[in-house]
Structure formats: C-alpha cells, structure tokens
2 protein chains.
Amino acid sequence: MGVSIKDVAKKAGVSVSTVSRVLNNGKYVTDETSEKVMKAVKLLGYRPNIIARGLRTKKTNSVGLIVPDITNEFFAKLAKTIEENLNNNNYSLLLCNSGENEDKERKYIKTLLDKFVDGIIFISSGYDQNMHLFPDDLPIIAIDRKPNAKRVNFISSENKKGGYLATKHLIENGCSKILMLKDRKAVSPMNARLEGYRDALREYNMLFDEDMIIESEVELEYVKEKILKIHKRLEFDGIFAGTDLLAIGAIKTLLKLGYKIPKDIQVIGFDNVLTSQYYNPGLTTIAQRLSEIGERSASLMVDLIENGVKNTESKSYFLPVELIKRDTTR
Amino acid sequence: MGVSIKDVAKKAGVSVSTVSRVLNNGKYVTDETSEKVMKAVKLLGYRPNIIARGLRTKKTNSVGLIVPDITNEFFAKLAKTIEENLNNNNYSLLLCNSGENEDKERKYIKTLLDKFVDGIIFISSGYDQNMHLFPDDLPIIAIDRKPNAKRVNFISSENKKGGYLATKHLIENGCSKILMLKDRKAVSPMNARLEGYRDALREYNMLFDEDMIIESEVELEYVKEKILKIHKRLEFDGIFAGTDLLAIGAIKTLLKLGYKIPKDIQVIGFDNVLTSQYYNPGLTTIAQRLSEIGERSASLMVDLIENGVKNTESKSYFLPVELIKRDTTR
C-alpha cells in the first residue's frame, strides 16, 4: 500500500501520466512502453487506488445485501451464493442484518447509500415505508418477500405451489384433518403457502377451517407451547408446517407426547434446510432452489449495474419448488 | 445522490468552502452560518461524499470478514455478532466466503486490500502462506483457528478444556470405550479438543488407543459410512464428536442400526448449534460463547483501527466453554 503511481513511473522511466494511460485504457502508448510499465507495476506490487477510481467512474464495485438474520440457514445459503457470484464478477458484498427491525433496516439502507454501493439486494422485513429510501436510479432487487409499496425486481419461489404440493401429499397419504402451522409474521411467502394449502383442500372437496391455522414464532419453545395446547383441543392427523424449523419443533413435541410419526400424525415442512436431512426421523419437505435464486439475483444485479436496466422495468421471477419425500410422511 | 456541495452552498447563500468547513470541523464559522448550512443540507438531503472523505482521512469505515462457509451456523453466528457490533461503531462489513480454498482466500485478501478496508477479521482456511499478504500496518484478527506463520491477534475458545470436559462427562457416566470422531481437517481447535480427550483419559488411567480416533468429513453421508464400517470392527460405548454435526450424523446412523441412545452408546458433541437443541434426542454438547467471541473481535478491531495498536503487540484470548446436558448422555 505504500507504493504510489510516482514510484511506478520512476521505475519504468516514464511519466506519471503515461503510467495512468497504460493502466486506464492503453491508448496512445506503444507496446514497449506498456510492457515497461506493467513490469514495474508487478515488480513493485502497485495497486491502482480503487477509491480514487471510484470517484472518477462513480462505481465502487460493491453491492449491499440486507437480510433479516444471517444465522437462519435459508438466508445464509442465499448470501453465500450471491456473494460467490458477485465476486466472480468483481463485486464485493456488504452484509447487513436487519433483525426484522424497521429502524435498523432504515439505518442500513442509509449506510449503504452513504457508501455508494452500486446496488442493493434485500430481503424485506416487511416495512414498506423504508422502500422509499431507495433512489429511483439505484438497482434494487427484492428476494423471497414481496414489498408492496414500490415496483422492484423480485425473485422468489413458487410458494403457493409448494403449499399446494405439501397439502396434496398429506391428503393422498390418507390425512383428513390437516393443521397448517404458520409463521406469525405475515410475510408474502408464508401467505402464498397458506393459499396453496387452501387450493389443495378445495381440490379434494375438504372443508377449510380457520381453527386449523395455527400461528407461532419460529422458536422451539413457542412451537412446543402451541402444540401442547392444540393437541388437547383439536383432532388432527397431518401438519403442513410453513418452515422446517416449525415442523421439527412440532415433531419433537409430538414424540414426547407419545404420538408416533408418521403412523399417528404425518408432518411436512418447507425449505429443505440441512437439519431436515439430519433429523430423526428425516423430514419430508418442500425444497426451494436456493442456489438458483442466489445466482439469478447476482447476475440480474450485475446486469442492472452494467447495462443500466431501470427499476421501472421491474420483473418478477418465481422458481420451481420440489417435494422431498423422507420419513415423516407415509 | 444528485445533490452536490455546490447546491448546498447556493441554497444557503454561502461559499462551497464555508459548507465544507461547517461539515468537516465547524471552525471559523458563526453559529448563524452553521445553522443556515445545516438547514440547506437537511432540506436538500445532501450526503457528504464518503468516498472522497476516504481519500482525505484514508479511512473507509469498512472491515473485511473472511469465513470458510457462511452457511455453517457457527460462522454465521460469529458473522452476525461481528457485523452488529461493528455497525454500532459505524463500520460496515464486507463478507467473503473462502470455501476453505487457498486460491479463493488469497483472492479475497487482495480484493479487501484493494478496497482499502480498515482491517480484516478472518477464520483461516489453514493456508499460512496467505498470511504474508497482510500488510504489517493493517489491523488483523484471527478467530477460532490459529495461524502458525505470523503473529496476529487471536480470539478463540478453551477448546482443549472443552474436549476434556466432554470426555470426563462420558467417563463419569460409565463409558469405558470412547471413540473420538474428528473433523478430517487438521485445524487448531479440533487438535486442541483431541488433546483434551487425551488429558481426560490420562486422568482416569484409561489407555489412549490411536484406533479410537476416527476422522471424517463433516457431512452426513461420510459420517454414516464411517460409522457403518467402525461398528463392525470396534467396540465402543461412548462417542466424543468434534462438532455437533458429526455427533448428529453418528446418532442418526446408530439409531438406524438398532442401538439405543444413551442406553447402549452415549454421545456428546461440540458447538451447541441450534440443531443440537432441536434434535431428537436432544444432543449433549459443549457450548462456546459465540456472541462474546464476536463482540470481542469487533471491539478489538475498532480499538486497533482507532487507537493504532500494532499487530506486533498481538494478543490471544481464549473464552470459557460449558457443558450442556441433554438426552444423548446418561
């Protein structure tokens, strides 16, 4: 970091502006001069000042990513793929954890704008008013959760179809009283999964019963409490859980109560997190194509930045989902 | 982003240099002028150009974090706490996934240096030659895995003590033939846990047997294969697994083989990941103080950056571990 463009010029025996010309476009420079300069650059380990370059090109080659919680495997997998793909295109990733908190989300958006990121990819915490902080000319992509307030590019999964496939699977395996265990947060993918659940019931002429929709925080203790209450009050032989962690919390509690799974009660989750594979019994679930969502987000972002596609021409993509059969359904 | 310092000067009816003075130090400016300028700043939504400021102060207020894999809950939790604590001190986090790959790690270090981060926190992939890329005057903190090649600040857990506590717990609960299931990667915390295992055996006058040390990739299929081979060849009534995922992979396989846990075989893990709590049966494990490691890394980094503590005065911190008793040991 101590090496300056002057040192390079001196070493190569040329002027500073010649070095600059070689490094920036190579115009009006002979091959011989260019070679001399590049040799000096390598020898001295010179790195062109990217901050200064940022001032000229108005690009920082960094992209902000706002996620609710990086310790959630679902978001971590997205972050990993996005980071890898951006990095392959020479963009760095600024990571922000909003913690589903409106004020934090707002603060992060402002910080990212202050740092002049070239674009922002975000998983909304559902606070649509924060959307107005995004400048119109900044490339923005929302993933997983659809913001209502503003038109943005949106990439997600076929959540409704996933809910439908899960419920249909339970029905076809003999379930007639199916709970839906839902995340308490009314985010768009969870609502879409509920719609899919209703669609499947309708198709099989089964009654939709509001009482069978159970809302819970996605935490073991909450789920346990819910299930302990419900199993006394309601009869059910199947559970469609809106996330794998909800499913696993329910299974753990039901096993302790003496139920056999899948004999007495069948359970299906959503997301196909690593734990659903490691769990005992292995969890039947709906898998999203997380790598593909991440790849597509990154490549769309690079496209928006480099080819100046406008947010007003925003698009939505919904990637296919798939049922993974394991041991919690018959 | 379209608002410039010129617009602010015009609006406030003062010169550009007056605006600059108000924003940068407030010297030689009357309260009245200062108020006029700040009113214009707010009205126009002007943001001082942080890139340009970076050129002057040589600070970018960003810190790089290199982790092997952000989808590993252990690293994700560290990343989350580090990011939160840095953010509270107005630093942003550039996230890099090395994938335990030497070339990628090297590329990331170079990128972070190119971006003029104020410091780098990293979990080494074990390639000590990459350490030489770090400039001497850049604040560096290694977490979890101790690099050999160079003196750096190092923050980790009492891994040796953890291995000792885990093994002692198995011995005191009646185990006499204890396997250690170890990550194949020879990273420093895993070796320290093995040392702790040996210490406990020695204390109880039990023989250390090389054959009882089993190495595996931390992946379900690998662990399964290892256990299937071993259970035919070796007798054992306890397993100390170097990570929770190794433990869970072993349990899943042993249950399928018809063993009862903890009746026939007792198992203890390491890390206390979320899955160890959700798992069925709940996994006894050694917990690390991840939040504290993250907090301390962030605050030390801020200290190194802002108070110029040198790497040559590098320090090591080892945070306490704790045994969490659940259902896989008696």
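Structure summary
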quantity: Residue of B:Arg233, B:Arg184, B:Arg151 that the Gaussian network model of chain B assigns the largest fluctuation, springs spanning Cα pairs under 10 Å; calculated: B:Arg233
quantity: DSSP beta bridge pairing in the protein assembly as shown, given as percent antiparallel to the nearest 5; calculated: 15 percent
quantity: Taking B:Ile261, A:Ile268, A:Ile121, B:Ile293 and counting other C-beta atoms within 10 Å, the order from fewest to most; calculated: B:Ile261, B:Ile293, A:Ile121, A:Ile268
quantity: Chain B, relative contact order [Cα under 8 Å, separation at least 6], %; calculated: 17 percent
quantity: Most mobile of B:Gly163, B:Gly174, B:Gly238 in a GNM of chain B (Cα contacts under 10 Å); calculated: B:Gly174
quantity: Residues B:Met38, A:Met131, sorted so that the one with the fewest Cβ neighbours within 10 Å comes first; calculated: B:Met38, A:Met131
quantity: At 7 Å out from Cα toward Cβ: B:Glu35 inter-copy label distances (nm, ascending); calculated: 6.9
quantity: Inter-copy label distances at A:Leu255 (7 Å, Cα→Cβ; nm, one decimal); calculated: 0.3
quantity: Calculated [θ] (222 nm, deg cm²/dmol) that DSSP helices of n ≥ 4 give over chain B, each run adding -39,500 (n - 2.57); calculated: -14000 deg cm²/dmol
quantity: Relative exposure of B:Thr71, A:Thr285, judged by other C-beta atoms within 10 Å (fewest first); calculated: B:Thr71, A:Thr285
quantity: Distances in nm from B:Asp211 to the matching label points in the other copies, shortest first (labels 7 Å along Cα to Cβ); calculated: 6.2
quantity: Most fluctuating residue given options B:Ala241, B:Ala166, B:Ala186, as computed from a GNM of chain B linking Cα atoms under 10 Å; calculated: B:Ala186
quantity: Within straight-line cross-link reach of A:Lys36, lysines at Cα separation under 21 Å, skipping those fewer than 8 residues along the same chain; calculated: A:Lys6, A:Lys10, A:Lys11, A:Lys27
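Read the figures in this text as sums done on the coordinates, not as results from a lab. Note that the structure is a prediction, hence the values are computed from the model and not measured. Here Cβ is always computed from backbone atoms with ideal geometry, including for glycine, and neighbour counts include all displayed protein chains.
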